[in-house]
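The values are calculated or read from the model by the stated rules, or taken from the named source; none is laboratory data. Fair warning: this is a prediction, and the values are worked out from it, not measured in the lab. Don't worry about glycine lacking a Cβ; one is built from the backbone with ideal geometry, like all the others, and counts go over all protein chains shown. The area values use the complete protein model at the heavy-atom level, side chains included, leaving out ligands, DNA and RNA. Shrake-Rupley method; radii C 1.70, N 1.55, O 1.52, S 1.80 Å.
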Amino acid sequence: MSTDPGVPRVSRQEFDALFASVRSWGRWAQADRGAWNRVTPDHVRRAAALVREGTAVPLGLPWNTRSGPDNSRPALHYMSDLGDVEVPEPTVHKDFLGVDYHGKAVSHLDALSHVAYRGRLYEGHVARDVVGAAGARFGSVEALGPLVTKGVLLDLPAVLGVDWLEPGQPVHAGDVAAAEQALGVTLDDGCAVLVRSGRFRRRRELGPWDVDAASAGLHVDALPMLAERGVSLLGADGDSDVRPSPVEGVHSPVHVLAVAAMGVPLLDNLDLEALSTACAGAGRYEFMIVVAPLNVPGGTGSPVNPVALL
């Protein structure tokens, strides 16, 4: 695993060839569900069989209302009723939530309408034709619904014997294969892959930093392997992309390949620390995962608190 974020570099021509090689356009009748079409009732039943200890581990971050180098658009939370608005008995307390969630501070799901490359969404839809001020008419989060499937944690710090991967450290295809072998897991059809870099352990011990400028994550050379295995979902404690980007002119190439080419929704900014501990304690890194995004017509994604069950 290289610690040099500049190695290897990928040209735009090479990246476009990679995009074409992993593209799954035209595969499913319900195209705006993308790779979630892979998950059948059999996948759900097999995932349920992985629940043995009865341990539920939430993966979402706390609602973050504090600005910082990794939270330029803090979430909103204020009280709208302190028991003094409605007629007495019973008194009630109400609060308001608001968030611009596509960023680095909120655990969220990216639907297929979130990412366009060369002006086109997954399945080749022209983005400006199907996404407007009223939301998305293709690939919205409401089309996805909930997902229940097998989850796999690629706990890279555990494999490498370190506390965390350093910002800018790329995870290559060979690293994914080595993690599979070391952790005794298999990435297979319909599974959800979660990649732990140790971001939030590092943040808690060393403080926040600008993760847009530097973060550990997948190199684009890992995506053909995920496409070949037929994964349905990719998530991470970052946003899956290594930063700085290794691809010239493309700031989020893993987003492009996963969402726009492969139709694989992304889970960004998961807190995987408790799951790492739970998996180590159970001696296994496979589990059932439940992802239930908000039902937002036209939404490009949703804040979410996925749950892993062991």
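Just one of the listed residues (PRO41, PRO58, PRO74) is under 30 Å from GLY283 (Cβ atoms), free of Cβ contacts under 8 Å to residues at least 60 places away in the same chain and not hydrophobic (A, V, I, L, M, F, W, C), and it is PRO41.
Each row is one residue, and each column tells you yes or no for (1) free of Cβ contacts under 8 Å to residues at least 40 places away in the same chain; (2) crowded, with 23+ Cβ neighbours inside 10 Å; (3) acidic (Asp, Glu); (4) within 23 Å of VAL307 (Cα to Cα).
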| residue | (1), (2), (3), (4) |
| --- | --- |
| LEU156 | no, yes, no, yes |
| VAL162 | yes, no, no, no |
| HIS172 | no, no, no, no |
| LEU183 | no, no, no, yes |
| CYS191 | no, yes, no, yes |
| PHE200 | no, no, no, yes |
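Residue by residue through segment 130-154, note down the ones that are within 26 Å of CYS191 (Cα to Cα) and either open to solvent by 10 Å² or more (accessible area, probe 1.4 Å) or not aliphatic (A, V, I, L, M) (or both). PHE138, GLY139, SER140, GLU142, ALA143, GLY145, PRO146, VAL148, THR149, LYS150, GLY151, listed by residue number.
Condition check for ARG52 on (1) without any contact (Cβ under 8 Å) to a residue 60 or more places away in the chain; (2) within 30 Å of ALA280 (Cβ to Cβ); (3) of a type in the set (D, E, K, R): one failure, at (1).
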